[in-house]
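The values are calculated or read from the model by the stated rules, or taken from the named source; none is laboratory data. Here the structure is a predicted model, which means the values were calculated and not measured. Glycine also receives a Cβ, built like all others from the backbone with ideal geometry; neighbour counts cover every protein chain displayed. In case anyone asks, the SASA skips ligands and DNA or RNA and just uses the protein heavy atoms, side chains included. Shrake-Rupley method; radii C 1.70, N 1.55, O 1.52, S 1.80 Å.
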Amino acid sequence: MITTDPIGDWTWEITSSGDGATAAGAAETAVSIWGILAKHELAVPAGKASLSVRSVNDMRNVHLDMSGLILEADPLRPGTAVSEAVEQAGSLQGDLLVSLRIRCPGIWLESGVKHRAEQLFAIQVDVWKSSLTVVTLETYSDAWLTMDTREREQAAVHAENAPRLAAALTEVSALLGSNPEPGDPNRHATPTEAGFEDPRTEGPAYSDSWGTFEIAARSRRLRSGLPPAEDEYPETTDSPVRYFAIQRETQTLGYVWASVTNDAAGYEPRTAAGDAAFKAGAQWLLLLRDAHNQGLTPLKALEWLTQVPPRPEIGSIAEDAPEEAPSLDDLEDLSGKY
């Protein structure tokens, strides 16, 4: 399963003498870690970086805030978006926190088949007052676990993926000169220096952590930029659901659905598609609100959506007829795994 919050994280701290920690050094470290992940296909083109600089004594004082920087093939060569941002950060003076973050698309494996997630890992490098560098690596997939975050055993998936993570962690530790500090146990898993504890030993912290927490988190994210609505289709149902995949070019962004009992309708983002799934999904929810305001039943709304004028930026419905899932939970599972 793919999540919007980290499954686990690992941290390394590097203390420098004098003013030895710089924005340029942070960028070199982050790009080197990207290269290690890329060696194992845990990072693939094209990542996106963000860079911020804040005053340590007042974090509200933002000196620089740049996002959406494309990580090109040689991101630190002169003239790239990343190198220009790093140069700006390096010119600033004072007691500063420099933060560079790279979101890493990557590949996880199942039965030899490669599946891409737009945020498989994230690399964060923070430089505090030019003296302390803190490196954090986060993962957003449970492919490294012996049980997925819905409590299903996945020994074969673990065998294909866990060694890749372990090798990457070993190489990052060699690069940084120390072993990582595993993140705290969380609702999904317990990180270790080499990956994760086996949840089969003592059982997971929460039953079906993905279904318990991720569904609600995705809904909040989908609706965070929408105006409140007094009346719309309910978003839950106990019946089977009919759905269409929302496609943009070759990528599936999510699934718009209606219950067969005509009591609910909604949109499920395909988490692996990243930000695009949520940005498009907000617009599909607005279209469902339009259908509701017209008095259409959920199934009629699903049919109406196939006839709305195309908007390439939010994707489109390509199928002539909807698919049917045994339950909304099955559709949510599909949208969260692949």
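Going by the structure shown, is THR149 polar (S, T, N, Q) and closer than 25 Å to ALA277 by Cβ? Answer is yes for this residue.
Applying the condition of being within 20 Å of the chain's Cα centre (by Cα) and in a loop (DSSP other than H, G, I, E, B) to the stretch 245-279 and asking which residue is modelled with the lowest pLDDT yields THR250.
If you check ARG242, ARG223, ARG200 for being modelled with pLDDT of 95 or more, basic (Lys, Arg) and open to solvent by 20 Å² or more (accessible area, probe 1.4 Å), only one passes: ARG242.
Within this structure, MET66 fails the test of being surrounded by fewer than 17 Cβ atoms within 10 Å (Cβ to Cβ), among the aliphatic types (A, V, I, L, M) and over 18 Å from the mean Cα position of the chain (by Cα).
Is it true that ALA229 is of a type in the set (A, V, I, L, M, F, W, C), over 23 Å from ASP5 (Cβ atoms) and assigned to a loop (DSSP other than H, G, I, E, B)? I'd like the intermediate steps shown before the answer.
Values: of a type in the set (A, V, I, L, M, F, W, C): yes; over 23 Å from ASP5 (Cβ atoms): yes; assigned to a loop (DSSP other than H, G, I, E, B): yes.
Yes, satisfied.
Would you say VAL98 is of a type in the set (A, V, I, L, M), at negative phi and buried (at least 20 other Cβ atoms within 10 Å of the Cβ)?
yes
Listed here are the residues, each with its yes/no results for (1) open to solvent by 50 Å² or more (accessible area, probe 1.4 Å); (2) closer than 25 Å to SER83 by Cβ; (3) at pLDDT 90 or above.
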{"position": "ILE2", "(1), (2), (3)": "no, no, yes"}
{"position": "TRP12", "(1), (2), (3)": "no, yes, yes"}
{"position": "SER17", "(1), (2), (3)": "yes, no, no"}
{"position": "ALA26", "(1), (2), (3)": "no, yes, yes"}
{"position": "VAL31", "(1), (2), (3)": "no, yes, yes"}
{"position": "LEU37", "(1), (2), (3)": "no, yes, yes"}
{"position": "HIS40", "(1), (2), (3)": "no, no, yes"}
{"position": "LYS48", "(1), (2), (3)": "yes, yes, yes"}
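Scan the stretch 31-67 for residues that are under 17 Å from GLN93 (Cβ atoms) and assigned to a loop (DSSP other than H, G, I, E, B) and the total you get is 2. Picking from THR133, THR146, THR139, which residue would you name as being hydroxyl-bearing (Ser, Thr, Tyr), surrounded by 15 or more Cβ atoms within 10 Å (Cβ to Cβ), within 20 Å of the chain's Cα centre (by Cα) and on the phi < 0 side of the Ramachandran plot? After applying the criteria, what remains is THR139. In the stretch 143-154, the residues that are more than 16 Å from TRP108 (Cα to Cα) form Cβ pairs under 8 Å with partners that are acidic (Asp, Glu) and open to solvent by 10 Å² or more (accessible area, probe 1.4 Å), at six or more places apart or across chains, as follows: ARG150/ASP208; ARG150/ASP333; GLU151/ASP208.
Can you say whether ALA117 is of a type in the set (A, V, I, L, M, F, W, C), touching a strand residue (DSSP E or B) at 6+ places or on another chain (Cβ under 8 Å), surrounded by 15 or more Cβ atoms within 10 Å (Cβ to Cβ) and in a helix (DSSP H, G or I), as far as the supplied structure shows? When the stated conditions are applied, ALA117 does not pass them.
Take THR212 and decide whether it is part of a helix (DSSP H, G or I), hydroxyl-bearing (Ser, Thr, Tyr) and either at pLDDT 95 or above or open to solvent by 20 Å² or more (accessible area, probe 1.4 Å) (or both). Please lay out each step first, then the result.
Numbers: part of a helix (DSSP H, G or I): yes; hydroxyl-bearing (Ser, Thr, Tyr): yes; either at pLDDT 95 or above or open to solvent by 20 Å² or more (accessible area, probe 1.4 Å) (or both): yes.
Criteria met by THR212.
Which residue is most open to solvent (accessible area, probe 1.4 Å), if the candidates are limited to the stretch 262-318 and must be closer than 30 Å to TRP108 by Cβ and acidic (Asp, Glu)? Among residues in the stretch 262-318 that are closer than 30 Å to TRP108 by Cβ and acidic (Asp, Glu), the one most open to solvent (accessible area, probe 1.4 Å) is GLU313.
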